[in-house]
1. Out of (1) buried (at least 19 other Cβ atoms within 10 Å of the Cβ); (2) of a type outside the set (Asp, Glu); (3) touching a strand residue (DSSP E or B) at 6+ places or on another chain (Cβ under 7 Å), the odd one out for Trp375 is which?
2. Given the criterion in contact with a Ser or Thr (Cβ under 6 Å, 6 or more places away or on another chain), crowded, with 16+ Cβ neighbours inside 10 Å, touching a residue at least 24 places away in the same chain (Cβ under 8 Å) and of a type in the set (A, V, I, L, M, F, W, C), identify the matching residue among Ala16, Ala57, Ala25.
3. Within the stretch 476-540, which helices (runs of 4 or more DSSP H) (wholly inside it) include 3 or more residues that are closer than 18 Å to Ser466 by Cβ?
4. Sort out which residues of the stretch 319-346 are in a loop (DSSP other than H, G, I, E, B) and within 17 Å of Ala455 (Cβ to Cβ), and write them in order of number.
5. Could you please find all residues in the stretch 237-273 being surrounded by 14 or more Cβ atoms within 10 Å (Cβ to Cβ), modelled with pLDDT of 85 or more and out of contact with any Gly (no Cβ under 7 Å at 6 or more places or on another chain)?
6. Would you mind finding the one in Thr504, Thr537, Thr589 that is surrounded by fewer than 19 Cβ atoms within 10 Å (Cβ to Cβ), modelled with pLDDT under 80 and either over 36 Å from the mean Cα position of the chain (by Cα) or over 21 Å from Glu487 (Cα atoms) (or both)?
7. Going by the structure shown, is Asp85 under 21 Å from Thr157 (Cα atoms), surrounded by fewer than 15 Cβ atoms within 10 Å (Cβ to Cβ) and at pLDDT 85 or above?
Amino acid sequence: MQNTKIKVLGIAPYEAMKTAMQKIADVRNDIELDVYAGDLNYGVEIVRHNIQNNYDAIISRGGTAEMIGRMTNIPVVEITLSVYDILRAIKLAENYSDHYAIIGFPSITESAHLLCSLLQYKLDIVTAHSEEEVISTLTQLKQDGYHMVIGDMITHTTAKNLGLNAILITSGTESIVSAFDQAVKISTSYLQIKQENKFLKEVIDKEGSKTIIFSEKGEIYLSTWDQENAEGLYMMLRVEIPQIISSDNHKMFRNINGILFSIIGRLIDYQKQTYIVYYVTASKIPIANSKYGINFFNKKEAEEQLFNSFYSITGAMGGLQDSINQLSLSSFPVMLTGENGTGKEQIAFIIYTHSPHQTTPFVTIDCELLNDKSWEYLTNHYNSPFNDNNNTIYFKSIETLSKERSQLLLSLIIDINLSKRNRLIFSCTTNRDALIPAVGQEFVKRLSCLTICPAPLRERAMEIPSLSSIYLGSLNVEMGKQLIGFEPKAMELLQEYDWPQNYTQFKRLLNELATLTTTPYITSLSVMELLDKERNTIGSGYSSAPDSKFSLNLNRTLDEITHDIILQVLAGKKGNQSAVAKQLGISRTTLWRYLNRL
């Protein structure tokens, strides 16, 4: 018994904590951990659906831990937030260019008040005692002109849903280790009974079918279902319980995750209670439900796509958001134009989720991916989305269609009155001259499309510090990092870069910098090397040639004057550091040292 591991269920409010908990448990010989990501009510539902697995203890954080403790007799250990965790989030937020507030439950705000008092920070700190208070507080802050908040997971999630930027306060490793130690100490009984239950469950698992047992009240008693969409399956089976009770035996077929399943339900009495037992067996026959280049989304799926996108995380749409919201309410076709990587697809998702058609499917047609079979399906099949009504259809990258197909598509849209029966959205990619390609102009003219063109990133260089700060906060949560920001010279390099692939490239480079950086601040050397690599792979990224009227302010230190001269030569050489070093008669190492000296 002394060598038996304690079985722990971990409910992490975010993915990075889930990863951290798993890593810590992997190096311990006294913990067997199952960990899931879920906050508040969702976390409680995870516990409810896994409670039959006989855990010795449950570990969670904040309000989620409190809610779990009210619904189970299993010991619940809370991962506390340290003062250092809160300080780290405050330091990250200092890079943000606008004013912000700290929102949270007393365990957070009390420490925040103490920190601000000691460090003489003047920050707005608001204490909430319930999820409802968090929502009302954030709503009021938004009305008062705030654009960003710091808080726990409920604050972070609610803020994003309200259109506010947010930085999540993450828990450090030491807090997680302490929670594991507490769980081991209190999990000292019932081990023999739990081992017996585990043995019986393994016997059931060896059968070809999955077994799911409900009480007469619809509560899960046991489940060996290990595939996706468990909650959807459980809801469907609960609906069938009255039928099972009335007939004692019932068989049906259901399509679950694209697979046809045979489901048999029967009644079993145990200890003066009646239980409904389902045996679920796969037919092994996949059910095709998609075509190449064509995808279908409902509102929830579209919102999930948006919620996790760079544009949602950073608020990169900026002042364009109001125009997009107004377009959403119109029934006119919309043409989205702009350079590669400026967020045209995300705008299409926003239009759909805010439109009167949000309760019907959102169909995306990627013209670049269409093959002969999928084109035939669209234009001639009886089940084509062109034959349906009241949907939103998004034609992505129409400039990639051949001239013959683009003309046929436009003619078909007009002939079958598609734009009157459905909401149509088109997109086409422009070059730096911002001129709409000829095919796009023809669609705009013939269909009376409204147009919207998101600005390239180089025209919003002043916003790069804010965008990068918010996205780094998201990466800290996702990757378990503790990045605070960029060195000043590193930020200058990002703002001077031309970003030929715009936000897509910006996000990719931030991901790479965050992955490679092991210090609190991303260095200018790291940024310079990465931008130099970008220049060599996708072309020049410097915004302008050297200015023939370049003037030098001599009322500064020698280091500052030297730095400006090097930057000017670097622009003239299109970022080629080797060429710059050769022209100046110095090594690349010396060049880097000059650029990082200030």
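The values are calculated or read from the model by the stated rules, or taken from the named source; none is laboratory data. Here the structure is a predicted model, which means the values were calculated and not measured. Please note: Cβ atoms are built from the backbone with ideal geometry, for glycine as well, and neighbour counts cover all protein chains shown.
1. For Trp375, the failing item is (3).
2. Details: Ala16 fails: in contact with a Ser or Thr (Cβ under 6 Å, 6 or more places away or on another chain); Ala25 fails: in contact with a Ser or Thr (Cβ under 6 Å, 6 or more places away or on another chain).
Only one candidate passes the filter, namely Ala57.
3. Passing ranges, in order: 488-496, 502-516.
4. Going residue by residue through the stretch 319-346, those that are in a loop (DSSP other than H, G, I, E, B) are 319, 330-333, 339-343.
Of everything in the stretch 319-346, those that are in a loop (DSSP other than H, G, I, E, B) and within 17 Å of Ala455 (Cβ to Cβ) turn out to be Gly319, Glu339, Asn340, Gly341, Thr342, Gly343.
5. Within the stretch 237-273, Leu237, Ile245, Gly265, Arg266, Leu267 qualify.
6. Values: Thr504 fails: modelled with pLDDT under 80; Thr537 fails: modelled with pLDDT under 80.
Residue meeting the stated conditions: Thr589.
7. no
Residues checked against (1) touching a helix residue (DSSP H, G or I) at 6+ places or on another chain (Cβ under 6 Å); (2) at pLDDT 85 or above; (3) closer than 27 Å to Glu463 by Cα:
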residue	(1), (2), (3)
Ser312	yes, no, yes
Leu320	no, no, yes
Ser328	yes, yes, yes
Phe332	no, yes, no
